[in-house]
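Chemist: Submitted below is the structure of interest, expressed as structure tokens.
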Amino acid sequence: MNNQHLINRLLLVAASAAGLQAVWDFYQSSVAIALLDLVILLWLSGLMVLNQLSRRSFVPYCILASLSIILLVTGSIIPKENGLHLLFLPLLCSVFICFSYKQHLGKILGGGFILSCYLLLEVTDFRLFGNLPLLEEPDNISFTVNFIASGVALFLIFSFITHANYKAEKHLQEMADEAQQRSEELSKVNEELDRFVYSTSHDLRAPLLSVLGLIQLMEKKPADETMQSYMKMMRKRISNLEAFINDITAYARNARLPLQAEPVVLQELIEEVFNNHRFLYEEQPIELMKAVHFQEVLLLDRQRLNTVLNNLVANAIKYHRLQYPEARVTVDASLEGDELHLLVADNGPGIPPNVQARMFEMFYRGNERSGGSGLGLYIVKESIEKLGGRIRAESVYGEGSSFHLWVPVKRAAQEPLQDLSLSGAI
Ligand code: ADP
């Protein structure tokens, strides 16, 4: 049931009452008032048709204004004791079913008009038209009828409001259940997808490594120049593919596996990362520097931090200026309260603003020298989020780039280590 139906029901109750009153008044030989009843009956029927046919915004105003005026006029020509004014109360409450929750103006104007009509009756002592002779004698039956009619109307209005409230709550509950079910399905699909990516990338790596091994064997055999160049190209392509598979595995591992805190000596971890890249870019002489400004052993997820540092250092080397005499990549670590602050900085070519805006996106490559999957910085961002940290990149195009990251950590051991601040060149 919507409120248009309810309004019609209320109008029907009012029209039936007016019809019965007309018959009664005619029977009592009050022809004038019976005619007035008939006019009211016709007017109410018109309102019912209007309400049924049109959903325009002015209809509720018409209904409320008409009913108020009918009560005002009728209340002035029949005795106050007949209790017609009691009907102002359900009429005032019906404002809440004629206008929706957000139609504040409608409620204020409608309610204001109804109250004004009632107050006008009170102020004029129910004789708006002066001392005209009243068309009815005071009688108890009319009072009882009006009292019951106003009670029935109030009951209808409140049962509609509570029913609407119940329906809204039920609908909300159904929507919440559906959302819950969808989110469970989605997490299941996500989990399956991550498991699929993880096991596929794992399974792909084994045959790839054996192909690389076979190439190495072939390279040891005598071959003409063309064959050698083909083998070099194969090795390059397979290395690219391996790097891609590594990226996907790192992504899947980060998405799938929970955090695993373990004691980490940061100096060792950084050295390990540097060693991964020391001989990869032989054509680029780059100084790799590290500075660790604390001595504690930290408790954190070593695997994820390793992935993050590997990607940042790999990029810093890969995108550096070729043959730049003072090429340098620095990893600087310090403790700031409960956070580890890492800075990976290079004095390379810098990152253009348009690339900076998108470089953390999945599969985004901003450089023709990339040759990578465009996953590196995406994995960095995802891993840092999983570690509960944050990352900020700064770069001046033509001067270099700095990646700052902060990760929450705990101190694992109290014994101080030797100051291992080191630097080294490839
Ligand atoms: P990929 O290296 O596979 O292209 P990444 O997500 O690691 O993907 O990097 C995205 C882009 O950000 C790179 O293509 C490159 O243009 C830019 N970039 C990242 N790090 C640096 C850096 N240290 N110096 C210059 N450009 C960088």
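The values are calculated or read from the model by the stated rules, or taken from the named source; none is laboratory data. Keep in mind the model is a prediction, meaning the values are calculated, not measured. With ideal geometry, Cβ positions are generated from the backbone for all residues, glycine too; neighbour counts draw on all protein chains shown. Note: areas computed on protein heavy atoms with side chains; ligands, DNA, RNA excluded. Shrake-Rupley method; radii C 1.70, N 1.55, O 1.52, S 1.80 Å.
Chemist: Within 10 Å, count the other beta carbons around each residue, average over each peptide in 118-130, 376-388, and list them highest first.
Modeler: Listed from highest to lowest mean packing, they are 376-388, 118-130.
Chemist: Dimensions of the stretch 352-391 along principal axes (Cα, Å, largest first)?
Modeler: 32, 20, 12
Chemist: Also, I was wondering about something else. Tell me what the chain gives for mean residue ellipticity at 222 nm when only DSSP H runs of n ≥ 4 count, each as -39,500 (n - 2.57), the sum divided by the residue total, rounded to 500 deg cm²/dmol.
Modeler: Dividing the helical sum by the residues of the chain leaves -21000 deg cm²/dmol.
Chemist: Take E191 and H404, extend 7 Å from each Cα along the Cα→Cβ direction, and tell me the distance between the two endpoints in nm.
Modeler: 3.9 nm
Chemist: Running a GNM on the chain with Cα contacts under 10 Å, which residue among M218, M175, M362 ends up with the highest mean-square fluctuation?
Modeler: M218
Chemist: What is the spin-label model distance, in nm, from T144 to T226 if the labels are put 7 Å beyond Cα along the C-beta direction?
Modeler: Going by the 7 Å Cα→Cβ label model, 11.8 nm.
Chemist: Just to verify a number: FRET efficiency for L128 and F58, C-beta to C-beta distance, R0 = 35 Å, to 0.05?
Modeler: E between L128 and F58, to the nearest 0.05, is 0.85.
Chemist: Largest first and to the nearest Å, give the Cα extent of the stretch 112-180 along each principal axis.
Modeler: That gives 69, 28, 12 Å along the principal axes, largest extent first.
Chemist: Something else: Could you give me D for the chain, from Stokes-Einstein at 10 °C and 1.306 mPa s, where the hydrodynamic radius is the Kirkwood radius over C-alpha pairs? Units µm² s⁻¹, please.
Modeler: The Stokes-Einstein estimate is 54 µm²/s.
Chemist: On a full-extension model of 0.36 nm per residue, what is the gain between R9 and A206, subtracting their alpha-carbon distance, rounded to one decimal in nm?
Modeler: 63.2 nm is the gain from fully extending R9 to A206.
Chemist: Please give me the summed charge of the neighbours of K410: other residues whose Cβ is under 12 Å from its Cβ, Lys and Arg +1, Asp and Glu -1.
Modeler: Once positives and negatives cancel, what remains is -4.
Chemist: Would you mind getting me the FRET efficiency between K167 and S100? Use the beta-carbon distance for r and R0 = 22 Å, nearest 0.05.
Modeler: Using R0 = 22 Å, I get an efficiency of 0.95.
Chemist: Just to confirm the number: angle between the C-alpha axis of helix 104-123 and the first principal axis of the chain, 0 to 90 degrees, nearest 10?
Modeler: For 104-123 against the chain, the angle is about 20 degrees.
Chemist: Pull up all non-local amide H partners of Y397: gap of 5 or more, or a different chain, and H-to-H distance under 5 Å with H placed in the peptide plane.
Modeler: Those qualifying (amide H under 5 Å, at least 5 residues apart or on another chain) are I351.
Chemist: Just to check, using Stokes-Einstein with a Kirkwood Rh over alpha carbon pairs, what's the diffusion coefficient of the stretch 171-321 at 4 °C and 1.567 mPa s in µm²/s?
Modeler: It comes out at roughly 67 µm²/s.
Chemist: Can you tell me the 0 to 90 degree angle between the C-alpha axis of helix 3-27 and the longest principal axis of the chain, rounded to 10?
Modeler: Compared with the principal axis, the helix lies near 0 degrees.
Chemist: Please give the direction-averaged projected area of the C-alpha convex hull for the stretch 1-147, in square nanometres with one decimal.
Modeler: Convex hull of Cα atoms, orientation-averaged projection: 8.6 nm².
Chemist: Between Rg and the Kirkwood Rh of the stretch 43-110, both from Cα atoms, what is the Rg to Rh ratio?
Modeler: Taking Rh as the inverse mean 1/r over Cα pairs, Rg/Rh reads 1.01.
Chemist: Please work out the ratio of the alpha-carbon Rg of the stretch 5-76 to 2.2 N^0.38 Å and round it to two decimals.
Modeler: Against the empirical 2.2 N^0.38 Å value, I get 1.15 for the stretch 5-76.
Chemist: What whole-number distance in Å separates the alpha-carbon centres of the stretch 306-375 and the stretch 55-92?
Modeler: The two parts, judged by their Cα centres, are 77 Å apart.
Chemist: Test of understanding: what is the full-extension gain from S370 to I215, defined as 0.36 nm times their sequence separation minus their Cα-Cα distance?
Modeler: Roughly 53.4 nm would be gained on extension.
Chemist: Provide the per residue accessible area, probe 1.4 Å, for the chain, rounded to a whole number of square angstrom.
Modeler: 59 Å²
Chemist: Right, something else. For the stretch 258-425, compute Rh as the Kirkwood radius over C-alpha pairs and then the Stokes-Einstein diffusion coefficient at 20 °C and 1.002 mPa s; write the answer in µm²/s, rounded to an integer.
Modeler: 132 µm²/s
Chemist: Beyond 12 Å, how much of the Cα-Cα pair distribution for the stretch 75-116 remains, as a whole percent?
Modeler: That tail contains 60 percent of the Cα-Cα pairs.
Chemist: Give, to the nearest whole percent, the P(r) tail of the stretch 296-383 beyond 19 angstrom, counting all Cα pairs.
Modeler: The share of Cα pairs beyond 19 Å in the stretch 296-383 comes to 45 percent.
Chemist: Also, quick follow-up: On a 0 to 90 degree scale, rounded to 10, what angle separates helix 225-256 from the longest Cα axis of the chain?
Modeler: 40 degrees
Chemist: Among L257, L134, L212, which one shows the biggest mean-square fluctuation in a GNM of the chain, springs joining Cα atoms closer than 10 Å?
Modeler: L134
Chemist: Write down the radius of gyration of the stretch 247-334 and its Dmax, each obtained from C-alpha positions, in Å.
Modeler: 14.4, 43
Chemist: How large a share of the accessible area of the stretch 113-227, in percent, is made up of carbon and sulfur atoms when the probe is 1.4 Å and the other protein chains stay in place?
Modeler: Taking all protein chains in place, the stretch 113-227 shows 65 percent carbon and sulfur surface.
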